[in-house]
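These notes are about the structure you will find just below.
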Amino acid sequence: MKIKYPKISGYCVLKDAISRKIPFEQSIKSFMPVCDEVVVVDFNSSDGTYEKLLELQKNESLKLKISQSNDWDQDKPNMFGVAKNIARSKCTGDWCLQFDADEFLHEKDYDKILNLPLKYPDAKVLDFLVFTPFGEYNKFGIFKGSENYWKWRFFKRDDNIQHGCHGAARQYDINGNMFFSKEKSDSCEYIDKNTLQVMPHTPVFNPNIEIIYQQLLNNPNDRVLRNKFAVMFSNLMKENICIYHYSWFDLERKAENGLNFWKNSYASKNNLTEHSNLFQGNSKEELIEKWQQLPTVNLLVESYPKYWPEQIKRKPIIVNISLDRNGNAGVEQWGKELESMVSKDFEFRWFAFNDYATGQSANESDKAKEFSAFLDKKGYLDGAKIIFADGFWGCGISDDKPVVSMIHGVWSDSERNKWEDGLSHIRIKLLDAQLKYWQETKHRKICVSNFIQKLLKEKYNIDSELLSNGVDVDKFLRASLSPKVTEFKHDKPIIIHGITSHRKGIEILAKLIDKFADDNIEILKIDEAQHKFGLSKEEIFAVANLVFIPSKWEANSYLLLEALAAQKPVVAYNCGILREHKEDWNNLGKVVELYDADIMWLAIKEVLARAKSNFSINDFLAKNHYLLGQWQHNIMKLIGEYA
């Protein structure tokens, strides 16, 4: 027996939609499949909007019922509610589906919409989820005054239900003119026309998200709350009806409308100025810069409605998995280079193991498995064309998607013996167990240096490919020619170094600090030097006299490559990648054989006193595939095999 669905009327209002760059045609098309009629009232647009509606009506469907109205007064506080009431009054359906002309209905939700009257026969008003991408397709704004995560959109047609400002929000000036605060009303809520009370309304999704949302509004930087909301809302979008709202996606368009339309509209509606703070600015650029500082969370959106504006259709997805975004400078740099290169053509997702709660397991191998299960369960890998993983943190991450493990480091027995941390042997055992598990995966394994590739084969009998990291030589050359560098003056030699940790030789630095001071040499961490001299990282390399790398371990050091690109001498301990090109390194600096502070100090003194080498940096970098362009070409070639 065929189900007889109640008649549904969709409706919206328009005012100069073309000049305000509102995608109303696509929006209307997205609602037509679930509506028996779509009522659109144009309020005397002067930019061709009405004519375009007539064209759409002719080409698309007799369902579209359009009309014009002269009743538009932007200074009228209740104008937006009045306009929607005019459109609503022309609806003939049993149920009404109200939408704004920049909102879209996803085709996955069509059947759910049709079944709502059968599922909620006694409901007055139903609430839908609303996703408003903020500046980018997956960002959700979590600041007061932005779009809410839900809106009332579907109701049983009843003449007592009207759009308007509810009674509790209404205020009156001494002349009896009504005004209201946007904090309490936008003049469009569904109210009982007799009592002015808000109509009872029912969410068609799990209402518990409201608790997290309110907590998040009060604590927008709380990482746990951000993750909870992102996960819960992303899952709710999959399972429930969701309106996709274009309003804040194009910030430039939003800024134009903010300055030319909404700023005045809010002031006139409220007879107040506080709510228009979002639109306070003298230019689009000023507004956009202000908005980009507002807090957001990243959601995982499976797909967009098919009528969503073509220029922002979903891009192919690349996922990057790492232990920590900021814990390893090389891994962080690699991720940033990858994101910078692919973000134009791909959606780039970056998940760090340490950012997520993945259970209480002490064993790191088990933690990695839990992390994989967590990402998969939450749908964070849905739609991924290729997954890059930092070493073995991608263990078991996916059975049906290509995983490329980028191996930034493997410890040999000799390297391990240099660790003085009493707990290191425990960690090494755990890593060994994890590596053994990783051996059995079908991941494509790519090493960032010959040294690592050789070690991986010798110690673990794992075959891999080689794809060296790359460095942008031109960027360092440009920095060396900048006025800040050519005019830079300092009364003592400058030595720079990277991050400080036990692994990166902090004890050597501590032992040498007095020697540097006694010899009138300034030694600075790179970011400290940037702050002190007001220079970029590349400019710091240009003014430095030497780069010091006292690490116990360097797999394929970005710091080393950057020093080479800047043509700066390096003093370093002979570990990791430094063993590959020892003679070449010594042409430019000094590689010491013993991990000893006094020996390193003598090497520093020798290199500072040495005449500049004629060593050809560019030839060396090109020969060993360390140029950024070579790396980019190889990575894009790899990505092209999957995406």
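In table form, for the structure just shown:
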item	result
Enumeration of residues in region 202-228 that are surrounded by 14 or more Cβ atoms within 10 Å (Cβ to Cβ) and closer than 18 Å to Ala352 by Cβ	Leu225, Arg226, Asn227, Lys228
Leading residue by the ranking (nearest to Leu259 (Cα to Cα)) among those in region 281-300 that are in contact with a strand residue (DSSP E or B) (Cβ under 7 Å, 6 or more places away or on another chain) and polar (S, T, N, Q)	Thr296
Thr202 being in contact (Cβ under 8 Å) with a residue 24 or more places away in the chain and in a strand (DSSP E or B)	yes
Odd one out for Leu278 among (1) over 12 Å from Phe131 (Cβ atoms); (2) modelled with pLDDT of 85 or more	(2)
Subset of region 17-39 that is open to solvent by 10 Å² or more (accessible area, probe 1.4 Å) and assigned to a helix (DSSP H, G or I) - its residue that is farthest from Asp71 (Cα to Cα)	Pro33
Region 539-562, residues that are without any contact (Cβ under 8 Å) to a residue 60 or more places away in the chain and of a type in the set (S, T, N, Q)	Ser551
Index of the failed condition, Arg314 passing every other in (1) in a helix (DSSP H, G or I); (2) at pLDDT below 75; (3) farther than 19 Å from Val224 by Cβ	(1)
Looking only at region 1-16, and only at residues there that are in contact with a strand residue (DSSP E or B) (Cβ under 8 Å, 6 or more places away or on another chain) and outside any strand (DSSP E or B), the one that is nearest to Ser69 (Cα to Cα)	Lys15
Selection status of Arg157, surrounded by fewer than 20 Cβ atoms within 10 Å (Cβ to Cβ) and basic (Lys, Arg)	yes
Strands (runs of 3 or more DSSP E) completely within region 42-129 that count 1 or more residues being open to solvent by 20 Å² or more (accessible area, probe 1.4 Å) and under 27 Å from Asp192 (Cα atoms)	64-68
Residue among Ser303, Ser340 that alone is under 30 Å from Leu467 (Cα atoms) and either at pLDDT below 85 or open to solvent by 80 Å² or more (accessible area, probe 1.4 Å) (or both)	Ser340
Qualifying residue in region 212-219 (condition: at pLDDT below 90 and assigned to a loop (DSSP other than H, G, I, E, B))	yes
Wholly enclosed helices (runs of 4 or more DSSP H) of region 496-587 bearing at least 2 residues at pLDDT below 90, crowded, with 22+ Cβ neighbours inside 10 Å and aliphatic (A, V, I, L, M)	558-565
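The values are calculated or read from the model by the stated rules, or taken from the named source; none is laboratory data. Being a predicted model, the structure only gives us computed values, none of them experimental. Cβ: placed from backbone, ideal geometry, glycine included. Neighbour counts: every protein chain shown. Side chains included, ligands, DNA and RNA excluded: accessible areas come from the protein's heavy atoms. Shrake-Rupley method; radii C 1.70, N 1.55, O 1.52, S 1.80 Å.
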